[in-house]
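The values are calculated or read from the model by the stated rules, or taken from the named source; none is laboratory data. Because the structure is a prediction, the values reported are computed rather than measured. Cβ coordinates were reconstructed from backbone atoms using ideal geometry, including for glycine residues, and neighbour counts include every protein chain displayed.
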Amino acid sequence: MGHVPDTDVVVVGAGQAGLSSAYHLRSSGLDFAVLDADAAPGGAWRHRWPTLRMATVHGIFDLPGLHFTPPPPDEPAADAVPAYFAAFEREFDLDVRRPVAVTAVRDADDGRLLVETDKGTWTTRALINATGTWTRPFVPYYPGQETFRGRQLHTAHYRGPAEFAGKRVVIVGGGASAVQLLTEIADVAATTTWVTRRPPVFREGPFTPDYGREVVATVDARVRAGLPPGSIASATELAWTPQLVAARDRGLLRRRPMFDRILPDGVLWPDGTAQDVDVIFWCTGFRPALDHLAPLRLRGPRGGIVMDGTRVVADPRIHLVGYGPSASTVGANRAGRAAVRELRALLAHGTDYPGGPRVRRTPPYAPHIRSGIKKHLADGRA
């Protein structure tokens, strides 16, 4: 790829948040490049387990400007959603560079940013980071973990229930993925035991917009305070889907508190009793993939990055989309729009940084792209 000397905005990641950002950049007048580490469209959805079907996906919010037509309920999500993302890239002529892995982002001497990748270095005036969490699975440490002779795996490495046939399985985690996979594995495993740190909370009523706003506000308050964000999923109660109602009726949702330690052949419970286990399945979530931003020293003393919306308070050149309160499909869309609006205003003033950011026009759009952008500006969705 070589050295690209003067780009206005680099977008890192081409999942929901990155593609939404790219869509709004197309009509912003800013030069931009989208870099994606995967070999093909789809973001984290390309890596979802094969048994995750569209019937069990909570919902895919449309990317701006292109409706997502629901596929058959039994279609694998790992096929359906990447196909939609690929169609979006084609429809709006988004030139996503891939596979390009960003290894570090550093300050340049002239106030710009150096985006170092395995395909060369980009120079940019601003950065929209949309790297999500899938590449950073989180497994908590418990005493004795390194002595376990059975198998340990994380949700990110799950390929289906068949590999658990006849096994004694402990499933750790209180989120939707944990209970969904528990119901799959229980059909083939010898035994399943579900454990969580806190008692799970099941929501009896519907997931209303007001409830969704409450969840987002909880995560937003954390990032504004400079705390690690947690996740939207961890702040959301479990819904009584037909699948979970059936699991409850089968007795599968009898949750136990966490074990005290891990033994070579099992786990030790707080009452001193041991249980033989073949597999410990960690459905314990993910952390934001932000290691490449470490040279910028954005984290504060409380362990998180202080945010105002999508903007990093310590460095207004950098926006994090799909992070914290925007780590949902609908939130990622809004975050992309907000980030582009703020960066356009910032880069319009050439005195903010040495060298003075300049706003340049992208190449003329094809007619169908121009009409689509105008339509969605008019109805308030762009």
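Test of understanding: among Val340, Val277, which residue is among the aliphatic types (A, V, I, L, M), touching a strand residue (DSSP E or B) at 6+ places or on another chain (Cβ under 6 Å) and modelled with pLDDT of 95 or more? Write out each step before concluding.
Values: Val340 fails: touching a strand residue (DSSP E or B) at 6+ places or on another chain (Cβ under 6 Å).
From the options Val340, Val277, the qualifying one is Val277.
Results for (1) out of contact with any strand residue (DSSP E or B) (no Cβ under 8 Å at 6 or more places or on another chain); (2) touching a residue at least 60 places away in the same chain (Cβ under 8 Å); (3) buried (at least 22 other Cβ atoms within 10 Å of the Cβ); (4) over 30 Å from Ile185 (Cα atoms), shown as yes or no for each residue.
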| residue | (1), (2), (3), (4) |
| --- | --- |
| Leu19 | no, yes, yes, yes |
| Gly29 | yes, yes, no, yes |
| Ala33 | no, yes, no, yes |
| Trp49 | yes, yes, no, no |
| Val57 | yes, no, no, no |
| Asp74 | no, no, no, no |
Total residues in the range 150-173, condition touching a strand residue (DSSP E or B) at 6+ places or on another chain (Cβ under 9 Å) and touching a residue at least 40 places away in the same chain (Cβ under 8 Å): 16
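What residue, of Arg125, Arg159, is modelled with pLDDT under 95 and among the basic types (Lys, Arg)?
Values: Arg125 fails: modelled with pLDDT under 95.
Testing whether each residue is modelled with pLDDT under 95 and among the basic types (Lys, Arg) leaves just Arg159.
Hey, could you check the range 88-128 for residues that are in a helix (DSSP H, G or I) and in contact with a strand residue (DSSP E or B) (Cβ under 7 Å, 6 or more places away or on another chain) and say which is surrounded by the fewest Cβ atoms within 10 Å (Cβ to Cβ)?
Within the range 88-128, the match that is surrounded by the fewest Cβ atoms within 10 Å (Cβ to Cβ) is Glu91.
Mind telling me which of the residues Gly175, Gly132 ends up being modelled with pLDDT under 95, touching a helix residue (DSSP H, G or I) at 6+ places or on another chain (Cβ under 7 Å) and within 20 Å of Trp45 (Cβ to Cβ)? So that I can check it myself, show each step before the final result.
Values: Gly175 fails: touching a helix residue (DSSP H, G or I) at 6+ places or on another chain (Cβ under 7 Å).
Answer to the check: Gly132.
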Number of positions in the range 264-311 that are more than 18 Å from the chain's Cα centre (by Cα), more than 27 Å from Tyr142 (Cβ to Cβ) and assigned to a strand (DSSP E or B): 1
Among (1) modelled with pLDDT of 95 or more; (2) at positive phi; (3) touching a Phe, Trp or Tyr at 6+ places or on another chain (Cβ under 8 Å); (4) not acidic (Asp, Glu) - the single one Val169 does not satisfy: (2)
Every pair of residues 6+ apart whose Cβ atoms lie under 8 Å, when the first sits in the range 334-361 and is surrounded by fewer than 14 Cβ atoms within 10 Å (Cβ to Cβ) while the second is at pLDDT below 50: Ala348/Pro357; Ala348/Val359; His349/Pro357; Gly350/Gly356; Gly350/Pro357; Gly350/Arg358
Within the range 114-147, considering residues that are in contact with a Ser or Thr (Cβ under 8 Å, 6 or more places away or on another chain) and β-branched (Val, Ile, Thr), the one farthest from Ile318 (Cα to Cα): Val139
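Does Ala86 satisfy the criteria of being assigned by TED's automatic domain parsing to the domain that holds Leu347, in contact with a Pro (Cβ under 6 Å, 6 or more places away or on another chain) and without any contact (Cβ under 8 Å) to a residue 40 or more places away in the chain?
Values: assigned by TED's automatic domain parsing to the domain that holds Leu347: yes; in contact with a Pro (Cβ under 6 Å, 6 or more places away or on another chain): yes; without any contact (Cβ under 8 Å) to a residue 40 or more places away in the chain: no.
When the stated conditions are applied, Ala86 does not pass them.
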Condition check for Val188: aliphatic (A, V, I, L, M), part of a loop (DSSP other than H, G, I, E, B) and modelled with pLDDT of 90 or more: yes
Residues of the range 129-161 satisfying the condition of being aliphatic (A, V, I, L, M) and assigned to a loop (DSSP other than H, G, I, E, B): Ala130, Val139
Residue satisfying all of: in the range 54-106; of a type in the set (Val, Ile, Thr) and modelled with pLDDT of 90 or more; farthest from Trp122 (Cα to Cα) among these: Val81
Test: residue in the range 320-333 that is at pLDDT below 75, crowded, with 20+ Cβ neighbours inside 10 Å, on the phi > 0 side of the Ramachandran plot and in a helix (DSSP H, G or I): yes
Flag if Ala378 is modelled with pLDDT under 50 and more than 17 Å from Val12 (Cα to Cα): yes
